[in-house]
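Structure first, then comments.
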Ligand code: NDP
């Protein structure tokens, strides 16, 4: 028998199982030094400007326009002109073609947009690549489908476009919020002036290239960058027929006061303090993933984030143990690294707000847990945080933190869970984790929240309406419901 030769060397065993860096290249994005305002299909030189930065490194990325009242006037005039001279009378099937084109171009250029979104906003590339971009394109595809079917969506109600829509969006999902706003407005035959958030204007400005590529008629979409003053000028403009706003409850209330009595249509998508309710019969590991996704996705900069975890008392300890262990595996750091789970906080101001509320939580007596993680020296960072021993009256259980901070509370019975979950001025979303379908339905009927997720969290789909109760605002975005704010009916 021949001797079998023994294998001399084995495959090398790594000494360390941590992830190697996997940076996405920035080369795909060609940034200009300066950006103007996109009005009437051309770039208009702004009279004032400011610098936009990367929150992960604090480096300046570009100089962008600070839209003045006069710029807003010009943009509204361009939108009115485009509305009156073509867009509103274009057959729905023709409007649909433009929307389909925009959707396809976004898909084609998705890598470029994803990198820019992460650069300017600080969110992990795997989220901008796998969530923001596919969903933004899906919104345009979905509403393109409705553009020539409005009579079927609202039978016997003779739907007509509203006119010029003023749209103000926040910094947490810059391109996705742009898509949520623009797609239904254009599908219904409106023209638009959109103001991106001060800290994240770059993907909206890159999107102007897409509009040109799609050959959208000039003036149908105008993009005026700037801070809150630009937004206020848009809200105040007498020739705007409809305002759509996503942002803080405070600014939403001010806008509502400003518009009272003007006859302008208004939709408000405001803050939230969602309850994520975990029953003892749930699949625990799956629930832990859902909790992590619910609050640490996009650094917790999510209006529907599951920021209040309600654990049934009987599973409180194993649940919190598993959650803490899971937190140790979250990778915090460079948003452009494909392995990063938690990126940079969007701005110095938001970081201050998170720190202030976390301090309040400690002072009020809650117990804080943060996994060991080394945060980069430059930029704005906050470690994933869990507070236990939280009372319902604490600020961290009442106020929107809008950061990677979870407050854990407990309950014994489903009735108690409902009562505690509804004990908030907000009503945007909620989550229920249980194996019983009947319990899910029982809970969903009683939770005062616009969206109730069952055995999942933070699921978005263009076909599904999204919006709130109480101080979370009014009006719905997404689905057939999302068309209604952009239509008037001649009954
Ligand atoms: P804001 O409500 O101030 O910002 C939302 C948008 O409104 C931005 O484009 C902003 O411009 C604009 N804006 C600001 N003031 C006015 C005004 N008077 N009239 C018209 N438009 C205006 O939110 P912040 O960025 O200040 O964040 C503060 C808090 O709001 C966060 O901590 C979070 O709790 C909550 N928030 C909730 C969001 C949600 O999705 N529900 C989204 C963002 C924030 P500019 O960017 O220049 O300020």
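Only the coordinates and a few stated rules stand behind these numbers; no lab work does. On a predicted model such as this, the values are computed, not experimentally measured, just so you know. Cβ coordinates were reconstructed from backbone atoms using ideal geometry, including for glycine residues, and neighbour counts include every protein chain displayed.
Scan region 393-402 and tell me whether some residue there is closer than 11 Å to residue 275 by Cα, away from the ligand (no atom under 16 Å from the Cβ) and in contact with a strand residue (DSSP E or B) (Cβ under 7 Å, 6 or more places away or on another chain).
No: region 393-402 contains no residue that is closer than 11 Å to residue 275 by Cα, away from the ligand (no atom under 16 Å from the Cβ) and in contact with a strand residue (DSSP E or B) (Cβ under 7 Å, 6 or more places away or on another chain).
Among the residues of region 260-299, count how many are in a loop (DSSP other than H, G, I, E, B) and closer than 29 Å to residue 486 by Cα.
Of the residues in region 260-299, 10 are in a loop (DSSP other than H, G, I, E, B) and closer than 29 Å to residue 486 by Cα.
Conditions tested, residue by residue: (1) closer than 24 Å to residue 380 by Cβ; (2) free of Cβ contacts under 8 Å to residues at least 24 places away in the same chain.
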{"position": "12", "(1), (2)": "no, yes"}
{"position": "17", "(1), (2)": "no, yes"}
{"position": "41", "(1), (2)": "no, no"}
{"position": "50", "(1), (2)": "yes, no"}
{"position": "61", "(1), (2)": "yes, no"}
{"position": "68", "(1), (2)": "no, no"}
{"position": "92", "(1), (2)": "no, no"}
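Quick check: is even one residue across region 366-384 part of a helix (DSSP H, G or I) and either within 16 Å of the ligand (Cβ to nearest atom) or at positive phi (or both)?
no
Looking at (1) touching a helix residue (DSSP H, G or I) at 6+ places or on another chain (Cβ under 7 Å); (2) part of a helix (DSSP H, G or I); (3) away from the ligand (no atom under 16 Å from the Cβ); (4) closer than 29 Å to residue 119 by Cα, which is the one condition that is false for residue 357?
The number of the failed condition is (3).
Is it true that residue 262 is more than 8 Å from the ligand (Cβ to nearest atom) and either under 18 Å from residue 163 (Cβ atoms) or surrounded by fewer than 19 Cβ atoms within 10 Å (Cβ to Cβ) (or both)?
Against the criterion (more than 8 Å from the ligand (Cβ to nearest atom) and either under 18 Å from residue 163 (Cβ atoms) or surrounded by fewer than 19 Cβ atoms within 10 Å (Cβ to Cβ) (or both)), residue 262 qualifies.
Please go through region 453-491 and pick out each residue that is surrounded by 20 or more Cβ atoms within 10 Å (Cβ to Cβ) and over 29 Å from residue 254 (Cβ atoms).
453, 457, 462, listed by residue number.
Please find, within region 419-431, the residue that is farthest from the ligand (Cβ to nearest atom) out of those that are surrounded by 22 or more Cβ atoms within 10 Å (Cβ to Cβ) and more than 19 Å from the chain's Cα centre (by Cα).
Of everything passing the filter in region 419-431, 421 is farthest from the ligand (Cβ to nearest atom).
What pairs come up if the first residue lies in region 222-246 and is closer than 22 Å to residue 51 by Cβ, the second is near the ligand (Cβ under 9 Å from one of its atoms) and part of a helix (DSSP H, G or I), and their beta carbons are under 8 Å apart, counting only those six or more places apart or on different chains?
224/230; 224/234; 228/251; 231/251; 232/258
If you go through region 173-212, how many residues are away from the ligand (no atom under 16 Å from the Cβ) and either surrounded by fewer than 24 Cβ atoms within 10 Å (Cβ to Cβ) or outside any helix (DSSP H, G or I) (or both)?
The total comes to 10.
Mind checking which residues of region 300-346 are closer than 18 Å to residue 370 by Cα, part of a helix (DSSP H, G or I) and in contact with a helix residue (DSSP H, G or I) (Cβ under 9 Å, 6 or more places away or on another chain)?
The answer is 300, 318, 319, 322, 323, 325, 326, 327.
Please determine, by comparing only the residues of region 392-413 that are touching a helix residue (DSSP H, G or I) at 6+ places or on another chain (Cβ under 7 Å) and free of Cβ contacts under 8 Å to residues at least 60 places away in the same chain, which one is surrounded by the most Cβ atoms within 10 Å (Cβ to Cβ).
The extreme case among them is 396.
Can you find even one residue in region 296-305 that is surrounded by 22 or more Cβ atoms within 10 Å (Cβ to Cβ), away from the ligand (no atom under 16 Å from the Cβ) and closer than 27 Å to residue 438 by Cα?
No, region 296-305 contains no residue that is surrounded by 22 or more Cβ atoms within 10 Å (Cβ to Cβ), away from the ligand (no atom under 16 Å from the Cβ) and closer than 27 Å to residue 438 by Cα.
Residue 116 versus (1) closer than 21 Å to residue 72 by Cα; (2) more than 16 Å from the ligand (Cβ to nearest atom): which is the lone unmet condition?
Condition (1) is where residue 116 drops out.
Take region 325-344 and flag every residue that is over 12 Å from residue 54 (Cβ atoms) and out of contact with any strand residue (DSSP E or B) (no Cβ under 6 Å at 6 or more places or on another chain).
325, 326, 327, 328, 329, 331, 333, 338, 339, 340, 341, listed by residue number.
Pick out the one residue from 165, 75 that is in contact with a strand residue (DSSP E or B) (Cβ under 9 Å, 6 or more places away or on another chain), in a helix (DSSP H, G or I), touching a residue at least 60 places away in the same chain (Cβ under 8 Å) and crowded, with 24+ Cβ neighbours inside 10 Å.
Of 165, 75, the one residue that is in contact with a strand residue (DSSP E or B) (Cβ under 9 Å, 6 or more places away or on another chain), in a helix (DSSP H, G or I), touching a residue at least 60 places away in the same chain (Cβ under 8 Å) and crowded, with 24+ Cβ neighbours inside 10 Å is 75.
Looking only at region 306-322, count every residue that is more than 24 Å from the chain's Cα centre (by Cα) and crowded, with 22+ Cβ neighbours inside 10 Å and tell me the total.
Number satisfying all stated conditions: 3.
Inside region 220-257, can you point out the residues that are out of contact with any strand residue (DSSP E or B) (no Cβ under 6 Å at 6 or more places or on another chain) and either farther than 17 Å from residue 471 by Cα or part of a loop (DSSP other than H, G, I, E, B) (or both)?
226, 227, 228, 229, 232, 233, 236, 237, 238, 239, 247, 248 - these are the residues of region 220-257 that are out of contact with any strand residue (DSSP E or B) (no Cβ under 6 Å at 6 or more places or on another chain) and either farther than 17 Å from residue 471 by Cα or part of a loop (DSSP other than H, G, I, E, B) (or both).
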